[in-house]
1. Looking at the stretch 342-360, is at least one residue assigned to a loop (DSSP other than H, G, I, E, B) and surrounded by 23 or more Cβ atoms within 10 Å (Cβ to Cβ)?
2. Mind listing whichever residues of the stretch 286-330 are part of a helix (DSSP H, G or I) and hydrophobic (A, V, I, L, M, F, W, C)?
3. Scan the stretch 207-232 residue by residue and report those that are farther than 18 Å from residue 282 by Cα and free of Cβ contacts under 8 Å to residues at least 40 places away in the same chain.
4. Out of 19, 64, 25, 45, report the one residue that is open to solvent by 40 Å² or more (accessible area, probe 1.4 Å) and closer than 15 Å to residue 337 by Cα.
5. Only residues in the stretch 357-382 that are touching a residue at least 40 places away in the same chain (Cβ under 8 Å) and among the aliphatic types (A, V, I, L, M) count as the first member; pair them with residues that are surrounded by fewer than 24 Cβ atoms within 10 Å (Cβ to Cβ) and part of a loop (DSSP other than H, G, I, E, B), Cβ under 6 angstrom, at least 6 apart or cross-chain, and list the lot.
6. When you scan the stretch 16-36, do you find a residue that is without any contact (Cβ under 8 Å) to a residue 60 or more places away in the chain and of a type in the set (Ser, Thr, Tyr), even just one?
7. Going through 91, 108 one at a time, which residue ends up being at pLDDT 95 or above, in contact with a strand residue (DSSP E or B) (Cβ under 9 Å, 6 or more places away or on another chain) and in a helix (DSSP H, G or I)?
8. Take residue 211 and decide whether it is surrounded by fewer than 16 Cβ atoms within 10 Å (Cβ to Cβ) and not polar (S, T, N, Q).
Amino acid sequence: MVSAYITGIGVFLPNEPINNEEIENVLGLVNGKPSRSKSRILKNNGIKSRYYAIDPKTGKQTHNNAQLTAEAVHNLSKDYNLPLEKIECLVCGTSGPDQFIPNHALMVHGELGCPPCEVIATSGVCCAGVTAFKYGYMSVSSGLTKNAVTTGSELVSNALTGIYFQPEIEAKIQDLETKPIIAFEKDFLRWMLSDAAAAVLITDTPRQDGLSLRIDWIDIISFANELDTCMYMGAIKKADGSLQGWREVENPEEVWQESYFALKQDAKLLGENVVSYGIQKGFTQVRDKHNLKPDDITWYLPHYSSEHFKQSLYDELVEIGFHIPFDKWFTNLTYKGNTGSASIFVMLEELMSSGKVERGDKIFCLVPESARFSYAYMHLTAI
C-alpha cells in the first residue's frame, strides 16, 4: 500500500443562492397552498440559503445531475491544472441519478468526453460520495492507478417541485372532506435538501506547491441489520416497517397516486436514532480501532441535515468522553444547504480554501446516512 493524497477539490453550486422566502416561488406550491410545516422545519434546520438547478424566473431546470457533476470536475481541472485526459479512474456517487440505466458515472464520463478510463458508480444517499471516494482511495493506495477523480453530487430540486405531488393530491381529494396536504414525511424534505456537486482529486504524491491532505483511513459502517428504513424513494413504507417497491404494485396508476417516487423520510425514526447510533455505536468502534484521541483532532467536519442535531452530536461525544469544542467544528450548512453526498466535500473545499488549515492539522469527518442508518468516518492529515 502506498500513501494517497487529496490534492484538489472542485465544487459547483448551480445558479444564485435561494433564501427562505424564495423557496416556494422556485419549487412551487402543492395544491396551490403554502406549506403548513415549512416555517417550523426551516427554523429547526437553520438553513438560510441554498442552491437549486432551477431558473427562478422560468422554473426550468438548468442542469441535470451528470452536468452538475461534470461542472465540478471541470472546476477541479481548471483550478488544479489537471488535464481531463490524465484521469485514470473516475468514480461518481449520488442518491439521485438522472436515470436508472446507464449508471451515473458513465453519464458523467460522457459529459466530460475525456479518453477511456476506469469508470465506477456508487449509490446510496449521503454516504454515496464517501463510498466513491473510498474506491478512488483504494485504487490509488493499492498502486492500481496513480490518480482518481471521485465525486459526490445531488440534484433533488426537480423531484421537490410542487407539480411532482399533484397526482397524489388529485387522487385523494375526492376521498376527503377537507383539502389534503402533502404528508409530513414528504413535505419535510422539501425544506431540507438542495443541489451541488464536488469533485476530489486523489493522487499517489502530494502537491509540491501547496497543502495536500493525506488520507489516513476511511471506515463505513451499516446498522441496517438493527434498524428499519428511514429514508426512501421508489417505494412506500408499510405498517410493519417493510418497503413495498414501485414494481410490486398491481395498478401502475397507484405509483403516481401514492407518490412512490417522492423522496420520503421517517422523521421520528431519524430523530430517535441517527445521532446515537452514529456516536454511541459507530464512532466508538472507529475510535477504539484507530486509537483516536480528541486532542489529536484539529478540525471536526460533521455532516448533519439540520442545526437541530448539532447540540445532540456534541452531547453524545461528551457522554462517551470525546469532547470536541465547537471552535474545532466546521460546517457551511446554513448558507450552502444540505447537499447530501456532496456536502462533506463542499465543506472540505471551503475549509481548505479558507487559509485556516496548517501542515500537521488532523481533520476528522463524520457522514451519517439515514436511508437505513449507515455512517462514514474519515481521517485526514494536512501535509
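The values are calculated or read from the model by the stated rules, or taken from the named source; none is laboratory data. Computed from a predicted structure; not experimentally measured. Every residue, glycine among them, receives a Cβ derived from its backbone with ideal geometry; neighbour counts consider all protein chains shown. Surface accessibility is based on the protein's heavy atoms, side chains included, excluding ligands, DNA and RNA. Shrake-Rupley method; radii C 1.70, N 1.55, O 1.52, S 1.80 Å.
1. Restricting attention to the stretch 342-360, the residues satisfying the condition of being assigned to a loop (DSSP other than H, G, I, E, B) are 354-360.
Narrowing the set further to residues that are surrounded by 23 or more Cβ atoms within 10 Å (Cβ to Cβ) leaves none.
Taking every residue of the stretch 342-360 in turn, none turns out to be assigned to a loop (DSSP other than H, G, I, E, B) and surrounded by 23 or more Cβ atoms within 10 Å (Cβ to Cβ).
2. Passing the criteria: 286, 309, 313, 317, 318, 326.
3. Passing the criteria: 208, 209, 210.
4. When all the criteria are applied, what remains is 19.
5. Cβ pairs passing all conditions: 382/211; 382/357; 382/359; 382/361.
6. For the stretch 16-36, residues without any contact (Cβ under 8 Å) to a residue 60 or more places away in the chain and of a type in the set (Ser, Thr, Tyr): absent.
7. Testing whether each residue is at pLDDT 95 or above, in contact with a strand residue (DSSP E or B) (Cβ under 9 Å, 6 or more places away or on another chain) and in a helix (DSSP H, G or I) leaves just 108.
8. no
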